[in-house]
Amino acid sequence: MTESEIYFDNSATTALCDSAREKMLEAMDCYGNPSSLHTRGVAADRLLREARESVLSALGVRPSEGGALIFTSCGTEATHLAFFGTAHAKARRTANKLVITDSEHPSVENTARALERDGFELVRIPTKNGVLDEELLDRVLDRNVFLLSLMMVNNETGAQYDVKKAFRLAKMRNPEVITHCDAVQGFQKCRFTPTSLGADLISISAHKIHGPKGVGALYADKKILTRRNLVTCLPGGGQENGLRSGTENVIGIAGFGGAAKEGSLHLDADIASMRALRDYAIERLSPLELRLNLPAGETAPHILNLTLPDIRSETMLHYLSSKGIYVSAGSACSSHNAHPSSSLLAFGISAEEAGHSIRVSFSRTNKNEEIDRFVSALEEGIKTLVRIRHGKK
Ligand code: PLP
């Protein structure tokens, strides 16, 4: 990044922070296999242990609680383990229904679809205007549900769903239900702990919190482990509590730990600064000829979605990119996908409008001056591109 560039695509991924970089550099020289019993192995294992403690502490988990953090290759793999690992556990008995929302990230939606193809019943709860349909949720939560998985923050609209309330309701209806939260966009953006959320399983990812790409984790509550409600999807050498075999990515995991530790040092200040940026962006964008897609309920501090007048998202994305300003035309995973984003459709945005929508997402390093430059470029872009579209000079 040069100083003149503006990076407003932090929901896609974030820049590496200093603590993550330092820990990764340290780990690069620590080449032992963490499973080896000699000094080199013990040194690598110590890095893993330190990272695990940092991430668990950032999640607000005390060692005495006995929950486990299973490091994976990404948030997607963490969710995969949560879904397939609970579906294939013998402890599941006969229940075969899983419940998700209609606006999940593809990592959840497509994993749930795979289970549906295997014969499981899949139910999606609507999230119109960014609010979970609690009435419908109440109706579908019966003894046949083995897994309720809800995302904390929608990656495209920034809607923050009331996961805590939904999980409480689910446990009341059926104490056997397993609750999973995709907190990839919520971790270090919203304040929560597994206990405050009532979540048995939580997926998180390093690269959304200024850590490296290619590392994620699944948090599993102690009860899930002792009742054998989760089985491995990757049998082998038995690493990660026997739940995810394969020699650990020590460098990436060390970076995850560094990022989590740095993020939790000033979490409240970071949340407040991202929220202030978002509020300022809303204020500056409101007079422009566009529509802000603001969720009706709670929102995350870092994501803003807007629909442009008569301009394709990709066209604006390239226009802004030519000015050194980086935004997104949807989630990173769907930017190569010609279909309109299912999150935006679920929100109530038409397929046509979804093709005209862009997402702006902030991090703790962004500044108000960058919003000023972005708003001016967007305003100029709207005028220029609408003029070109209408064939005027
Ligand atoms: N869940 C949400 C809400 C996301 O936004 C993303 C990534 O964009 C993921 C899951 C997947 O995370 P990863 O890229 O680590 O697989």
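Descriptive notes on the structure:
- 19 Å Cα-Cα reach of Lys367 towards lysines, excluding residues that sit fewer than 8 places from it in its own chain: Lys189, Lys208, Lys323
- The 3J(HN,Hα) values that the Karplus relation (6.51, -1.76, 1.60; θ = phi - 60°) gives for segment 280-286 are, in residue order, 5, 5, 4, 4, 6, 7, 3 Hz. Gly and Pro appear as x.
- Computed about its Cα centre, the charge dipole of segment 9-49 is approximately 220 debye, with only Lys, Arg, Asp and Glu carrying charge at their Cβ.
- Relative packing of 318-324, 166-172, 8-14, which averages over residues the other C-beta atoms within 10 Å, highest first: 8-14, 166-172, 318-324
- Each label point was placed 7 Å from the Cα along the Cα-to-Cβ direction; for Ser36 and Lys367 their separation is 4.7 nm.
- Distance between the 7 Å Cα→Cβ label points at Arg191 and Glu121: 4.0 nm.
- For segment 1-54, relative contact order (Cα pairs under 8 Å, six or more residues apart, normalised by length) works out to 19 percent.
- Per residue, the accessible area of segment 1-147 comes to 49 Å² when a 1.4 Å probe rolls over the protein heavy atoms.
- Counting only residues at least eight positions apart within a chain, or on another chain, the aspartates and glutamates with an alpha carbon under 14 Å from that of Lys97 are Glu116, Asp118, Glu121, Asp142, Glu176.
- Atom-type composition of the exposed protein surface of the chain places 51 percent of the accessible area on carbon and sulfur (1.4 angstrom probe).
- Highest mean packing first, where packing is the average number of other Cβ atoms within 10 Å per residue, the peptides 143-155, 344-356 line up as 143-155, 344-356.
- Relative contact order of the chain, defined on C-alpha pairs under 8 angstrom at six or more residues apart (%): 24 percent
- Where only C-alpha atoms are counted, convex hull volume of the chain per residue in Å³: 136 Å³
- Sorted on the mean count of surrounding Cβ atoms within 10 Å across their residues, most packed first, peptides 207-220, 258-271 read 207-220, 258-271.
- FRET efficiency, Asn129 to Glu289 (Cβ-Cβ, R0 35 Å, nearest 0.05): 0.95
- Charge dipole magnitude, Cβ of K and R +1, D and E -1 - the chain, Cα centre, debye nearest 20: 700 debye
- The simple spin-label model puts a point 7 Å past each Cα toward its Cβ; for Asp162 and Glu298 those points are separated by 1.0 nm.
- Dipole of the chain, positive direction: furthest Cα of Ala346, Gln239, His105, with charges on the beta-carbon: Gln239
- In the chain, the DSSP-assigned H stretches of four residues or longer account for a calculated mean residue ellipticity at 222 nm of -12500 deg cm²/dmol, using -39500 (n - 2.57) per stretch and the full residue count as denominator.
- Net length gained if the chain between Glu53 and Ala269 were fully extended (0.36 nm per residue, minus Cα distance): 75.5 nm
- Per residue solvent-accessible surface (Å²) - segment 253-393, probe of 1.4 Å: 45 Å²
The values are calculated or read from the model by the stated rules, or taken from the named source; none is laboratory data. Because the structure is predicted, anything quoted here is derived from the model rather than measured. A quick note on method: Cβ atoms are made from the backbone with ideal geometry, for glycine too, and the neighbour counts reach across all protein chains shown. We work out accessible area using only protein heavy atoms, side chains counted, and drop any ligands, DNA or RNA first. Shrake-Rupley method; radii C 1.70, N 1.55, O 1.52, S 1.80 Å.
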